[in-house]
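Here's the structure we're looking at; comments come further down.
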Amino acid sequence: MPLATLPSLTPALPEIFLAIAAMLLLMLGVFSSEENNTRMVSYASVLVLIVAIPFIGLVTEGRSVTFGGAFVTDTFAVYIKALVLVSAATVIIMSKDYLKTQGIERFEFPVLIVLATLGMMMMISANDLIALYLGLELQSLSLYVIASFQRDSARSAEAGLKYFVLGALASGLLLYGMSMIYGFAGTTSFDTLARIFHDSHNHISVGVVVGIVFMLAGLAFKVSAVPFHMWTPDVYEGAPTPVTALFAVAPKIAAMGLFIRVMIGPFGELGAQWQQIIIFISVASMLLGAFAAINQTNIKRLMAYSSIGHMGYALIGLAVAGAAGDAALRADGVESMLIYLGIYMVVNIGTFACILLMKRDGRMVEGIDDLVGLSKSNPALAMILSIFMFSMAGIPPLAGFLGKLYVFQAAIQVELYALAIIGVLASVVGAYYYIRIIKVMYFDDPVDELDRGISLEMKTILVVTGVVIIFFVFYPAPLLTGAESAAAALFHE
Amino acid sequence: MDNMPWLSIITFAPLVGVFFILLIRDDDKEIVARNARWVALWISLITFFVSLGIWINFDNSTANFQFVEKSVWMPGLNIAYHMGVDGISMFFVILSTILTVLCIGASWITITDRVKEYMISFLVLETLMVGMFSALDLVLFYIFFEGVLIPMFIIIGVWGGARRNYAAYKLFLYTLAGSVLMLLAILTMMFQAGTAEIPKLLTHNFPATLQPWLWLAFFASFAVKMPMWPVHTWLPDAHVEAPTAGSVILAGVLLKFGGYGFLRFSLPMFPLASADFTPLIYTLSIIAVIYTSLVALAQEDMKKLIAYSSVAHMGFVTIGTFAANTQGIEGAIIQMLSHGVVSAALFLIVGVVYDRIHSRDIEAYSGLVHRMPKYALIFMIFMMASVGLPGTSGFVGEFLILVGTFKTNTWVAAFATTGIILGAAYMLYLYRRVIFGELTKENLKSILDLNRREVAIFAPLLLVVFVMGIYPSLFLDAMHASVENLVERYHSALAAAQHISVVAK
């Protein structure tokens, strides 16, 4: 084989870097002494993930495609990948203390996160159904393992098994949908699919529509949108807390990125076919997220429902992007979604950092009632957690409000009034359970204090996320411009 | 001088105070508390004096916005940081700053738990209130309007009475549910008009078919904040459970958000819908005036009584606002300012005896005049101002409102007048039971009269009540140009619409 056929590797440089680094990290873990190899590999993984960020920034010039059109990078991919890398790196930092106290300090943990991140980046950059599936599976398999990382705990094992069985079902649905689409359209390439649907106007065969519906179901599972959310509360509750933190951010954001790319890319012309489904999923997620969380007593479970609700809000943006008409308005929909996801990531990382600090006598506690009187025993932590809660409830002037503002603004522009009205009303119901946490911390009298003492890393994470959430309103420009150019990249033609 | 961003300074100066308070660290709780109190007092005093400068330099002759500041904020959505005041909003800014000073003074010794957080909450609240009244951008307005919920929720929930959880939740969820619909209306307006600037939107003609929907969405929010019957039920709970200073701010400033909103948005931006919905407003307001006055008459809890009287007084404000003539609107503004001062004072008056006896029940008191002559005098003056005795601020507001209403609808004016009689009834009844009679109760025999700090808190309020009552022109002149302009715009929009419908026929 002549060398000339080797595809250009530059667009995939960050992925290649991560793949090689993951192998090296494994070897580092295996060949170094057992005492502190976890710590070393953890730090090295964080370093790798952070170094990868400038790598993805290197290839921003326009849109570049490689591997026979199966792999694409553009500003959209850069934006999502940056969010994913930042959240994965932060989660590894946050997990350090947890792994030690739970006695599951193993160097495979950070390496698996790096591998999952690699899978996420591949699916974000997928420009072909096969590439999509490869990325998705690499991600999912790594995540199945770390969900049950606490092997001795029945709950953790159950979470991993549940996630695996249901995840495999979703992959099956996705694969089935993909095969339908391939069967009726004759190609797996996103670009070709987009061209076919563009030319065929309204003569879409039913088989394609069925395929899209199956793909939607698979993707909805990955972002845990209703009605494919059933796994979320159990897995969130059972998985080790840092893993839950990871599940709440990185795979969600990556899957959302994939969701957007698939819907806008190959099926962008078929908005009329899939928009109603997205609207239904969005409404159902917002309502379930709002109502089902009310009675939760476990904070990780509560966060699961909260994230279901947040995915509902983010999907409003996708529903907007599916509306017929002006490309600028549709791009606004994607932009609002990207802004929402960016803020969602910061708030969730901050909140999970707080949850990881919920310890009593050295043991982790997860009940909402365990936060009682936190404002007296640890005023700073209570203040910052209440800021996150107000932000999630969407109360101005915090960042969460601006995320909702952009999403609803996009919905109003394409006259999705009913969707917007249901959205804001669901947010009022949601506010109830967010402020309940504040109530527990501030209004109730303490019974047993939580342990004090916060490590420097956790302090940094809390301060940074808190500052971003409070001061975002004063200087929103960086995220807004990033999201704007990322969204514009999808509507370039 | 002219280039100084005075409004921003007033708005954000309290946040500087918050920053200083956050820096206070000491192992001795007393020292922390003392420092926090002094920082808060000084910052709020400075803010108040700077805000007086706005009034002194205010140009009475123009209806335009003054002290305008504008800078880019979120260009993608056409949202700018845009501040300014006109004759309608200027006094509310000063009302907010002065009441904050008094609130901090009033909580000087009564709040001993978490003083630092308490002072931070009040300073943040001041920032949000001032910002709300001076915002000239829809989204900026909404951010301040809604952000108030955070400190208010904390103030009631942390330092409140026995049923504080319930009250804080009710306040939060009621007002949130009201205002989210307004958010959608704001977004629709921005999309429709292509701008979020309030000065531009004031002259924008929204389609007649859209106006009722926008009006209703704003109404949902303002009616809850106001509060209008039947969505007023959160108010008595919130007032009763809130600490004294919380009640003062709630009655003094937060209730004005609704009235201000009607004047700033509903009336000028949706004139056609406002005209159509005026009968609804009249009906709800008259029910509020008469029904809540009767309810007030039956109260056993002093704070609850004053809370219900607030609902009745706010009923007057909405009647005056939707009378949509100069007298009615000026009366509504004066009534709001007067109520801001008088109800704040009444809550402080309740606070004085509550601090001493720890009971709000009217039953627990009698014959206070024998032990507390100064208190009885001050109580009487504010009671009279609340009733609307000539020479006090309450009279000017109610009189102007009735004059304005009489011109547009005699029946409404007649019903509203009965509210004044009922108001006199419940206030005098309250006063008689608390102040007069025999001093028989054991625990009242040693009760002390007002101390110097308390007198100092009531003095400025007394001054305002009398100045506003005896020489109202001082206030009316400043708001006249803006109100005229509003009325003119409202009627010309109605006339234009009428013209179109006549032509169409």
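Each value in this text was obtained by applying a stated rule to the coordinates, not by laboratory testing. As the structure is a prediction and not an experimental result, all values here were calculated from the model. Heads up, the Cβs are rebuilt from the backbone with ideal geometry, glycines too, and the neighbour counts pull from every protein chain shown.
With the cut-off at 1.5 for a/c, could you classify chain A from its C-alpha gyration tensor as rounded, prolate or oblate?
oblate
How do B:Tyr282, A:Tyr236, B:Tyr308, A:Tyr133 rank when sorted from fewest to most other Cβ atoms within 10 Å of their own Cβ?
Result, fewest neighbours first: A:Tyr133, B:Tyr282, B:Tyr308, A:Tyr236.
Mind checking which lysines have their Cα closer than 24 Å to the Cα of A:Lys162? Skip sequence neighbours fewer than 8 apart in that chain.
The reachable lysines, counting only those whose Cα sits under 24 Å from A:Lys162, are A:Lys222, A:Lys252, A:Lys300.
Could the peptides A:165-175, B:436-446, A:40-50 be put in order, highest first, of the mean number of other beta-carbon atoms found within 10 Å of their residues?
A:40-50, A:165-175, B:436-446
Name the residues of region B:330-346 whose amide N is less than 13 Å from a point 7 angstrom out from the Cα of B:Gln498 along the C-beta direction?
The answer is none, because no backbone nitrogen lies closer than 13 Å to the label point.
Count the net charge of all other residues whose Cβ sits under 10 Å from the Cβ of B:Thr175, scoring Lys and Arg as +1 and Asp and Glu as -1.
+1
If the cut-off is a Cα-Cα distance under 15 Å, which aspartates and glutamates reach B:Lys116, setting aside same-chain residues fewer than 8 apart in sequence?
Once the sequence-local aspartates and glutamates are set aside, what remains near B:Lys116 is B:Asp26, B:Asp27, B:Asp28, B:Glu30.
Decide, for chain B, between rounded, prolate and oblate: order the square roots of the alpha carbon gyration tensor eigenvalues as a ≥ b ≥ c, take rounded if a/c falls under 1.5, and otherwise choose prolate if a/b is larger than b/c, else oblate.
oblate
Going 7 Å from the Cα of A:Arg39 along its beta-carbon direction, which residues of region A:425-463 have the amide nitrogen within less than 14 Å of the resulting point?
Under 14 Å, as judged by backbone N against the label point of A:Arg39, lie A:456-457 of region A:425-463.
Let me confirm one metric for peptide A:441-447, namely the mean number of other chain beta-carbon atoms within 10 Å of its residues' beta-carbons.
Average per residue, whole number: 3.
What net charge is computed for the residues neighbouring B:Tyr354, neighbours being all others with C-beta under 9 Å from the C-beta of B:Tyr354, Lys and Arg scored +1, Asp and Glu -1?
+2
List the lysines whose Cα lies under 16 Å from the Cα of A:Lys439, skipping any in the same chain that are fewer than 8 positions away.
A:Lys376, B:Lys170
Using packing as a proxy for protection, rank B:488-498, B:132-142 so that the peptide with the highest average count of other Cβ atoms within 10 Å comes first.
Going by the mean number of other Cβ atoms within 10 Å, highest first, we get B:132-142, B:488-498.
Please sort A:430-442, A:337-349, B:34-46, B:412-424 by packing, taking for each peptide the average over its residues of neighbouring beta carbons within 10 angstrom, highest first.
Descending mean neighbour count gives A:337-349, A:430-442, B:34-46, B:412-424.
Rounded to the nearest 0.05, what FRET efficiency do A:Thr187 and A:Ile16 give with R0 = 25 Å and r taken as the Cβ-Cβ distance? Could you check?
With a Förster radius of 25 Å, E is 0.45.
Pairing the Cα long axis of helix B:373-387 with the longest principal axis of chain B, what angle in degrees results, from 0 to 90 and rounded to the nearest 10?
So the helix axis and the longest Cα principal axis differ by about 20 degrees.
Got a sec to turn the phi values of region A:132-144 into Karplus ³J(HN,Hα) couplings, 6.51 cos²θ - 1.76 cosθ + 1.60 with θ = phi - 60°, whole Hz, x for Gly and Pro?
Couplings: 4, 5, 4, x, 4, 6, 4, 4, 4, 4, 5, 5, 4 Hz.
I need the shape label for region A:72-175. Rule: rounded when a/c is under 1.5, else prolate if a/b > b/c, else oblate, with a, b, c from the alpha carbon gyration tensor.
oblate
Using a 10 Å cut-off around each Cβ, can you sort A:Ser455, B:Ser121 from fewest to most neighbouring Cβ atoms?
If I rank by nearby Cβ atoms, fewest first, I get A:Ser455, B:Ser121.
Run the numbers on region A:7-490 and let me know its relative contact order in percent, using alpha-carbon pairs under 8 Å that are six or more apart.
With pairs under 8 Å counted, the relative contact order is 15 percent.
A:Ser205 to B:Thr112: FRET efficiency via 1/(1 + (r/R0)^6), r the Cβ-Cβ distance, R0 51 Å, to the nearest 0.05?
Plugging the Cβ-Cβ distance into 1/(1 + (r/R0)^6) gives 0.10.
Counting only other chains, what is the mean number of Cβ atoms within 10 angstrom of the Cβ of each residue in peptide B:180-190?
Across the residues of B:180-190, the mean count of other-chain Cβ atoms within 10 Å is 6.
Just to confirm the number: angle between the C-alpha axis of helix B:6-23 and the first principal axis of chain B, 0 to 90 degrees, nearest 10?
That helix lies at roughly 40 degrees to the long axis.
Rounded to whole Å, give me the distance from the Cα center of region A:19-63 to that of region B:381-451.
74 Å
What do you get for the angle between helix A:477-490 and the principal long axis of chain A? Use alpha-carbon atoms, 0 to 90 degrees, nearest ten.
The helix A:477-490 is inclined about 30 degrees to chain A.
Could you tally the net charge around B:Leu494, taking each other residue with its Cβ under 13 Å from the Cβ of B:Leu494, Lys/Arg +1 and Asp/Glu -1?
Cβ neighbours under 13 Å give a net charge of -1.
Averaged over A:396-406, how many beta carbons belonging to a partner chain fall within 10 Å of each residue's beta carbon?
5
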